[in-house]
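In what follows, a single structure is set out as structure tokens and then discussed.
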Amino acid sequence: MEKSCSLIVHFDKGTPALATEIKEALEGNDIAAKIEALKKAIMLLLNGETIPQLFITVIRYVLTCDDHTVQKLLLLYLEITDKTDSRGKVLPEMILICQNLRNNLQSPNEFIRGVTLRFLCRINESEIVEPLIPSILSNLEHRHPFVRRNAVLAVMSVYKLPHGDQLLDSAPEIIEKFLASEQDASSKRNAFLMLFSCAQDRAVNYLFLNIDRIIDWSEQLQMVVLELIKKVCRTNKGEKGKYIKIIIALLSANSTAVVYECAGTLVSLSSAPTAIKAAANTYCQLLLSQSDNNVKLIVLDRLNELKKDNREIMVDMVMDVLRALSTPNHDIRRKTIDIALELITPKNIDQVVMMLKKEVVKTQSGEHEKNGEYRQMLVQAIHTCAIKFPEVASTVVHLLMDFLGDTNVASAMDVVVFVREIIETNPKLRVSIITRLLDTFYQIRAARVCSCALWIIGEYCLSLSEVESGIATIKQCLGDLPFYTISEDGEGQETSKAVQQVNSTTVSSRRPAILADGTYATQSAALETAMSPPTLVQGSLSSIGNLRSLILSGDFFLGAVVACTLTKLILRLEEVQTSKAEVNKATSQSLLIMVSMLQLGQSSVLPHPIDNDSHDRIVLCIRLLCNTGDEIRKIWLESCRQSFVKMLADKQRRETEEIKAKAQISNAQPDDLIDFYHLKSRKGMSQLELEDEVQDDLKRATGEFTKDADDANKLNRILQLTGFSDPVYAEAYVTVHHYDIVLDVTVINRTKETLQNLCLELATMGDLKLVERPQNYTLAPESSKQIKANIKVSSTETGVIFGNIVYETSSNVLERTVIVLNDIHIDIMDYIAPASCADVAFRTMWAEFEWENKVAVNTVLQDEREFLGHIIKSTNMKCLTPPSALEGECGFLAANLYAKSVFGEDALVNVSIEKQGDGKLSGYIRIRSKTQGIALSLGDKITLKQKGTA
């Protein structure tokens, strides 16, 4: 087993040294050779070598050397060399060292004194330290602060030794006097730390004697004061009122580290509104004053935690939080907007929306490369605000409609979806939205945005003027018919070349896109056009017409949408237009457009013919316009809108249910003790202390003090590591907290013998890493020991911890006994949590992620929805597919599940199952992720759990 060392020594492992070579170098007079020899000796000791013959050489030839580097390395050598025999007694030759250490402590050189005092802090043998105590105490009065600060630490380490309070019983009193007269900041900090660790009452007395001067103390000392306050208040909650005053005073300290720590301490100790408000104000000031993005993210996390339990107080801070949007960092802006959206109320909604509108306008300047993504984020935020508070929609919808032709397709898509929802939920805005949409339609360059905008035009153009404008706008964007001429081959070819030329200006590359049903299609020029600079959009493309250029690039799905929109407008025109001739004229023009699209799709001008779905859709529209029935009219003009209204209602209902689920809190038992506020004694209590008492009572009443203590759940996490018949019984309680796993291992000696050098040796497999080296313990007969082991986790992958317990018995020291432990499997479910993401984002990630794990369905369950529920429960994921889409009995089910790990990794799952004729379920569960570990681990979990119960 490797030994620990407090300093790193550079050593070239390529040339291992021999003990004889080291001995010769140490005996010589060359200082440089001695330094190299000492380094080699230290490295050999660290690697587990024992060189007992070297010790006497070191004492004879190195102790007397005056070189500072040699003396420093000598102390390192003494630190790691064995100072005790096999029975734990100090070796007799160690007495020779004491005289040298005493000389060092009286050296005229302050560096030698300081490093020796620091060395003594790491010595655990009281026999070596005891003769040096007078010299240590004399160094407390040395003129140099470097010596004094290390002397204080040495006194503390001596006092903390076993029976150290007998070796130096007056240490707290000496240090208290030292603290009263000391001027050096580091020495004062170390002295206060010593009182804090060893004599807490004296530290508290000193704190209250100097309560008026705390604000002028050094940063290090103020940090120790905060640690003391936390420790005292944990053990004695009744006195925390007077300490909270000190914390609030420290909020005006010059050091930002102290101020941040103060705010955190204040929140952990008090729930009083005044205290929470002071902490929130502090965090907001740090958010604006600090330039480091990591600091800003940490502060935003603290504000987010405050918001969970103190929303009413945080609501007043929403505008201060939003000022962080001035930081040009994507993650900070996203986190800021997420916090602000949960703090909007009828009082502050206007201010919040005004701020978001200003930010949207700022994104129009092309200074920052991620302006498009930021604008998309802002549009989604405004959308959320408008859904929660419909009255603000009128102030933002027209501004956002300017971005329908945005170069960022995702941002433009968010705008058009927002417009679609607002036009349905705000009937008063319908006329102005339709007018604006028809005016700006020609600017839209993305096929998906065009499709959604056409649907809005088809559904919400109701009056005669609107219907006629709608038809005229579509005709204008399609341009002159036909789309190509077939009179002569030459012309056809020329036109074809012209089309390709158009495409060359609009399409930079072609790549496959994923449609809503999961199938692949060639991505339309729309998306690529959107990437063109604005000058091109305004110039050559606008002269062609956006719909025409997209259809000529082969996007026949958009052609089918155009046909459906024209059909709806003609059907509505028949209702609002009295002139039959005008209706017939519009009908014939629409039919000509549809036929022209079919001709284009079936011609050889384009490299790819029209797809069957789009062809059938356009043919259906032609038949419908030629022969209209009342039943068909009702379906086209009413049913589509009703489906959309139902979809919005379903979405609203799901959001409401989620909010209700979050709001549920567990209450305390009816027989729990509650203090009555009005019956309390108020003598000597400040307003803050009163508020704090009231908040504590409320928390006790609502069960917030007890809701984390789930003892039954704790028992489920205890793992047995050894058998009941083993001489040593061990069990572990596993706690997983984000990046850390803590193993709390209980070891019980079941024998009648004393077990010496008992060591818990652990090893890991997967992305797990042991933090600490194992220590040796001595276990009395039939006694127990609690051993803690910390393990760091770096990724979401199922890891395994395995190991053994090694010990020696008192009857046979030479023989070591090994007990192999059961393996501990760290479950992936501890790292992933259900999360939400937009449908578009899910499909984008599904296309990008390269790791896929395909698991065949193999289960005894026979109901599709029951199987889906079982998978959701087993994998700790959230179903993104709405319940309404899973209703009905069709024998087939497809759903998307999503979760996010604590490391920010995304886990995507698609469940596709079908009911066979014999009632069994078949199909596949596909898992995709960015990293291999999460895909494999989730796949293993699903394979293990999917069978369900019979």
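The values are calculated or read from the model by the stated rules, or taken from the named source; none is laboratory data. For clarity, every value in this text was computed on a predicted model and none was experimentally measured. Backbone-built Cβ (ideal geometry, glycine too); neighbour counts: all protein chains shown. To get the accessible areas, we keep the full protein, side chains included, count just its heavy atoms, and leave off ligands, DNA and RNA. Shrake-Rupley method; radii C 1.70, N 1.55, O 1.52, S 1.80 Å.
Once both labels are modelled 7 Å past Cα along the beta-carbon direction, what's the LEU886-THR50 spacing in nm?
Taking the simple label geometry, LEU886 and THR50 are separated by 6.5 nm.
Return the sequence-ordered ³J(HN,Hα) values of the range 640-649 in whole Hz as given by the Karplus equation 6.51 cos²θ - 1.76 cosθ + 1.60 applied to θ = phi - 60°, using x for Gly and Pro.
For the range 640-649, the Karplus curve yields 4, 5, 4, 5, 5, 4, 5, 4, 5, 5 Hz.
Given the C-alpha centroids of the range 108-180 and the range 829-875, what is the distance between them in whole angstrom?
Here the answer is 62 Å between Cα centres.
Name the lysines eligible as straight-distance cross-link partners of LYS72: C-alpha to C-alpha under 30 Å, and not fewer than 8 places from it in the same chain.
LYS3, LYS13, LYS23, LYS34, LYS39, LYS40, LYS83, LYS89, LYS160, LYS188
Check which residues have an amide H placed less than 5 Å from TYR924's amide H, if you skip close sequence neighbours.
Residues meeting the amide H criterion: VAL857, SER912.
Counting only protein chains, not ligands or nucleic acids, how are ARG148, ARG143, ARG334 ordered by accessible area (probe 1.4 Å), most first?
ARG143, ARG334, ARG148
How many lysine pairs in the range 830-946, separated by 8 or more positions in sequence or lying on different chains, have Cα atoms less than 28 Å apart?
Summing the qualifying lysine pairs gives 29.
Starting from the 7 Å offset along Cα-to-Cβ, what nm value, one decimal, do you get for the label separation of THR64 and THR809?
Computed distance between label sites THR64 and THR809 equals 5.1 nm.
Whose amide H sits under 5 Å from the amide H of ASN776, counting only residues 5 or more places off or on another chain, with H placed in the peptide plane?
For ASN776, no residues qualify.
Per-residue counts of other Cβ atoms within 10 Å, averaged by peptide: what ranking do you get for 650-659, 565-574, 23-32, 615-624, highest first?
Highest-to-lowest ranking by the protection proxy: 565-574, 615-624, 23-32, 650-659.
Strictly greater than 17 Å: what percent of every Cα pair in the range 877-950 meets that?
52 percent
Run the quick spin-label model on GLU219 and ASN584: label points 7 Å from Cα toward the beta carbon, then report their separation in nm to one decimal.
Going from the GLU219 label point to the ASN584 one covers 8.8 nm.
Per-residue HN-Hα couplings for the range 294-304, Karplus 6.51 cos²θ - 1.76 cosθ + 1.60 at θ = phi - 60°, whole Hz, x for Gly and Pro?
For the range 294-304, the Karplus-derived couplings read 5, 5, 4, 5, 5, 5, 5, 4, 5, 5, 5 Hz, x marking Gly and Pro.
If I histogram all Cα-Cα distances within the range 353-414 using bins 5 Å wide from 0, what percent of pairs lands in each bin?
4, 20, 33, 26, 12, 4, 1
Based on the mean of other beta carbon atoms within 10 Å per residue, what is the order of 416-428, 209-221, 441-453, most packed first?
Output ranking for 416-428, 209-221, 441-453: 441-453, 416-428, 209-221.
For GLU638, what charge total do you get from the other residues with a beta carbon under 13 Å from its beta carbon, if Lys and Arg give +1 and Asp and Glu give -1?
+2
Could you compute Rg(Cα) / (2.2 N^0.38 Å) for the range 813-853, with N its residue count?
2.44
Counting C-alpha atoms alone, how compact is the range 731-780: give Rg to one decimal and Dmax as a whole number, in angstrom.
Here Rg and the maximum Cα pair distance are 13.4, 41 Å.
How long is the range 830-946 along each principal axis, judged by its Cα atoms, biggest number first, in Å?
Cα spread of the range 830-946 along its principal axes, largest to smallest: 42, 29, 24 Å.
Amide H to amide H under 5 Å from LEU91: which residues, 5+ apart in sequence or cross-chain, H placed 1.01 Å off N in plane?
Excluding prolines and chain starts, which carry no amide H, the hits are THR84, ASP85.
From the P(r) of the range 229-372, could you give the percentage of C-alpha pairs in the tail past 28 Å?
25 percent
Rounded to whole Hz and in sequence order, give me ³J(HN,Hα) for the range 871-878 from the Karplus expression 6.51 cos²θ - 1.76 cosθ + 1.60, θ = phi - 60°, writing x for Gly and Pro.
5, 4, 5, 6, 9, 6, 10, 10
Calculate log10 I(q)/I(0) of the range 716-826 for q = 0.13, 0.18, 0.19, 0.24 Å⁻¹, where I(q) comes from the Debye formula with a single equal point scatterer on each Cα and nothing for solvent.
One equal scatterer on each Cα of the range 716-826 leads to -0.48, -0.86, -0.94, -1.37.
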